[in-house]
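Taking it in order: structure first as structure tokens, then the write-up.
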Amino acid sequence: MKTPRIALVTGANQGLGRALVEGLAARMEADDLVLLTGRDERRVADAAREVAQRPATRAQVKGRVLDVTDTDAIERLADELAALHGGVDVVISNAVARLLPQDSQAERADEFIDVSNTATHAVLRSFGPVLRTGGRLLVVASSLGTLGHLDHRLHHLFDGASLGQVEYAVESWRTAVHHNTAAEAGWPRWLNVPSKVAQVAAVRALAATRRDRDLATDTLIAAVCPGMVDTATSRPWFSDYGHAQSPAEAARAVLDLVLAEHVDPALYGELIRFGKALDWYGGTPPVEQDSMLTP
């Protein structure tokens, strides 16, 4: 008998996260379980119920409150799923802090870094060890996550770094923002640029420690770029949505990656956009971005 699969998506009340849950629930089997997580109990319960009632839904869908800024809660959930189910098969780290154009980047830095980076590190550290053979551990980033988008003075902090070194670099950046020394050190003003690079660097760091073993078992650890998505989080940053995807459209390529039978070695540990790996060294540092969110 086939072992039921366990999937978990963070930041899944709405937008891309919810679309990923809907897609997993529709494409997985009846005995499989998809956990829709978020930090608001009512919104989690409502979203999980609505997804469960969709005609296309096949798998079981349950809501689970998870505040990703609580790293202990992430660890507890990973331990719980390991104890109950022997591990997890799909983890998609998707949570992001909503930031508006009029918000002060410096004043929102802690929340943004905690949700996008500290939480990513905790997901990788906690769920990497309990990822079952053939599993998928994905972090949703963006095309800004390639190293070339940072000033060359910062490249050594992330290129070839261990997960601990990435964590140290992120905290150094946070301190520089608070001390108003970030610009002179080469950090861009927009939080999304170093945040996305750090996310991809963290994925690369974990993947480097287990590449051969994972590829031998068709297990995938990677970052994904869904492209421009029309969501409440991204809409304030763009004036032209002519080429934006709906969340369901953007989820499709990610789900194809999750549910593929075999792992392409060229994609392992990389930032993947529409099924292809982006060049880690690509990109150019922004002078001053007009947009925090780039597909």
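The values are calculated or read from the model by the stated rules, or taken from the named source; none is laboratory data. Remember, predicted model here, so these are calculated numbers, not experimental data. Using ideal geometry, Cβ is built from the backbone for each residue, glycine included, and neighbour counts are taken over all protein chains shown.
Below, the figures for the structure above:
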item	result
Search result, residues across the stretch 26-50 that are over 19 Å from the mean Cα position of the chain (by Cα) and within 18 Å of residue 90 (Cα to Cα)	26, 27, 28, 29, 30, 31, 32, 33, 48
Any pair with Cβ under 9 angstrom, 6 or more apart, that starts in the stretch 259-270 at a residue that is at positive phi and ends at one that is among the acidic types (Asp, Glu)	269/214
Among the candidates 227, 164, 145, 186, residue that is farther than 20 Å from residue 114 by Cα, at pLDDT 95 or above and not acidic (Asp, Glu)	186
Enumeration of residues in the stretch 56-69 that are within 13 Å of residue 120 (Cα to Cα) and either exposed (fewer than 15 other Cβ atoms within 10 Å of the Cβ) or of a type outside the set (D, E, K, R) (or both)	68, 69
Number of positions in the stretch 141-160 that are over 26 Å from residue 274 (Cα atoms), in contact with a helix residue (DSSP H, G or I) (Cβ under 8 Å, 6 or more places away or on another chain) and surrounded by fewer than 20 Cβ atoms within 10 Å (Cβ to Cβ)	1
Some residue of the stretch 40-48 being touching a Pro at 6+ places or on another chain (Cβ under 8 Å) and surrounded by 15 or more Cβ atoms within 10 Å (Cβ to Cβ)	no
Residue identified as within 15 Å of the chain's Cα centre (by Cα) and in a loop (DSSP other than H, G, I, E, B) among 12, 19, 7	12
In the stretch 271-290, the residues that are without any contact (Cβ under 8 Å) to a residue 60 or more places away in the chain, surrounded by fewer than 19 Cβ atoms within 10 Å (Cβ to Cβ) and not aromatic (Phe, Trp, Tyr)	275, 276, 277, 287, 290
